[in-house]
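Chemist: One structure, pasted below without further comment.
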Amino acid sequence: MPHKEIDTQTPGDARTDRLKPRRSGPMWRRIAVAAAAVIAAAGVAVVVRPALAADNPYQRGPDPTPASISANRGTFATAQTSVGSGNGFGGGVIYYPTDTSQGRFGAIAVVPGYTATWAAEGAWMGHWLASFGFVVIGIDTNSRNDWDNARGTQLLAALDYLTQRSSVRDRVDASRTAVMGHSMGGGGAMYAAQQRPSLKAAIGLAPAIFSANTANVRVPTMLLSGQNDGTVTPSSVVSNYNKIPSGVEKAYLELSGAGHGFPTSNNTTMMRNVIPWFKIFVDSDTRYTQFLCPLGNWSGIRSYQSSCPLVPSPVPTTSPTGSQSPTPPTEQRYEAETAPAVCQGTIDTNHTGFTGSGFCNAANAVGSYSEFTVNAAAAGTASVGVRFANGTTTARAANLIVNGATVATVSFEGTGAWTTWVTKNLSVSLNAGSNTVRLSPTSANGLPNIDHLNVSAA
Ligand code: GCU
Ligand code: CA
């Protein structure tokens, strides 16, 4: 990750920032516009495409303006449907755009704070967010006393329900999901981000962070605080903001005069900043960076920091006819703690930063193992990423055993700490269908701790 300069703004800085030239859009866009002008000037017949919008298949809705992001509705008509408990979270409400003509929408799961219900504290924002082009699930928790980690686990369960089993699953793009929460739910959003780095965005609203360490967060994260919040103070939120590593996109806003309850009823100041964050990172929609880089509207904002320029993940490229190029091979993750995987040792949770619900701590003995069953659509070479941590300073060697045959010896270097997880990519020949991939140590030092495998066809 490139180091990013952190751009700190206070209201007094705003004027200087406004004097700086604004980027008019992504490079390709400026080039395309310039090229079209040159061709037109040369008198060559050109077919003018109606909108460059189509170049980003994730972009939804018209070009935003300061007024449009401050309105309490976007342009999409929305509907809602209720979800019962029993899906890994305490039930909730799904809000979704009714338009099915534009492809799928990114998804956002939102959880309220300690002892609060979605109906009482979150529901005001459901249609508001959805009308800007997102499928939103606002949840209740299994218990109103659930702590931040339980709230985070339930946010992820809600996203999985939404994208895999809900009645609106065909409207949702499962590869573009995000989380948000208030107070204990904000700590939950950070916990979810730490557990699932593939999330596109996370937002903590006056976040009470107990179980997560924002130093482990790799998801673009916005944190908001209220000036007069004595429960989750602005300085505690700033300190969590500062711990998010440079190289991870982040922003911090302190709302003037706001208390701890600022996200529990209609709040335009919050929404006109939250919506661009989700647009930039869930939809890779760079039309929205103008509002945050630099901050365009200081009304109700006491201080602001960010990692501007905010750069989202790239979108799939489109051909000149607008048709989408073949999607890259999908990556499948196999958790070491989830059957049919076998851990000849214990499934542990004591070192944070793992994905899923734990990791395999194989016995420190020759012959112990962590084994996965992976599926391949066709025979061929697959890229297999092994996510591991080795908190010792001695590399640990292991046999890579595929379908019973030892095909390589792999060295797992020290990663600096048991909580520092890294991925080592191996090239593995797989049969069509089911395969076993086993890692087994060659010395009594044992294996590193094993988190998961990421498998994609090469
Ligand atoms: C420590 C660490 C374990 C690890 C073990 C080892 O006990 O907490 O997670 O598996 O060392 O050396 O293998
Ligand atoms: Ca071990």
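Chemist: Of the residues GLY358, GLY391, which is within 16 Å of ligand 2 (Cβ to nearest atom), free of Cβ contacts under 8 Å to residues at least 40 places away in the same chain and open to solvent by less than 40 Å² (accessible area, probe 1.4 Å)? It would help to see each step written out before you state the result.
Modeler: Details: GLY391 fails: free of Cβ contacts under 8 Å to residues at least 40 places away in the same chain.
Matching residue, one of GLY358, GLY391: GLY358.
Chemist: Output the qualifying pairs, or none if there are none: Cβ atoms under 9 angstrom, residues six or more apart or on different chains, first residue in the range 445-458 and in the same structural domain as SER411 (by TED's automatic domain parsing) and within 16 Å of ligand 1 (Cβ to nearest atom), second residue open to solvent by less than 10 Å² (accessible area, probe 1.4 Å) and β-branched (Val, Ile, Thr).
Modeler: Cβ pairs passing all conditions: PRO448/VAL386; ILE450/VAL386; ASP451/THR355; ASP451/VAL386; HIS452/THR355; HIS452/VAL386.
Chemist: Got a number for residues in the range 366-379 being within 12 Å of ligand 2 (Cβ to nearest atom) and open to solvent by 40 Å² or more (accessible area, probe 1.4 Å)?
Modeler: As a first pass, look at the range 366-379 and keep what is within 12 Å of ligand 2 (Cβ to nearest atom): 368-370.
Okay, now just the ones that are also open to solvent by 40 Å² or more (accessible area, probe 1.4 Å), so 369.
So the count comes out to 1.
Chemist: Please note which strands (runs of 3 or more DSSP E) are completely contained in the range 64-133 and include at least 2 residues that are of a type in the set (D, E, K, R) and open to solvent by 10 Å² or more (accessible area, probe 1.4 Å). Outline the logic, then answer.
Modeler: Details: elements: 78-83, 92-97, 105-111.
Result: empty, no element qualifies.
Chemist: Can you tell me how many residues in the range 396-450 are within 30 Å of the chain's Cα centre (by Cα), away from ligand 2 (no atom under 13 Å from the Cβ) and part of a loop (DSSP other than H, G, I, E, B)?
Modeler: Adding up the residues that qualify gives 8.
The values are calculated or read from the model by the stated rules, or taken from the named source; none is laboratory data. This is a predicted model, so every value here is computed, not measured. As a convention, Cβ positions derive from the backbone with ideal geometry for all residues, glycine included, and neighbour counts pool all protein chains shown. Just the protein is used for accessible areas: all its heavy atoms, side chains included, with ligands, DNA and RNA removed. Shrake-Rupley method; radii C 1.70, N 1.55, O 1.52, S 1.80 Å.
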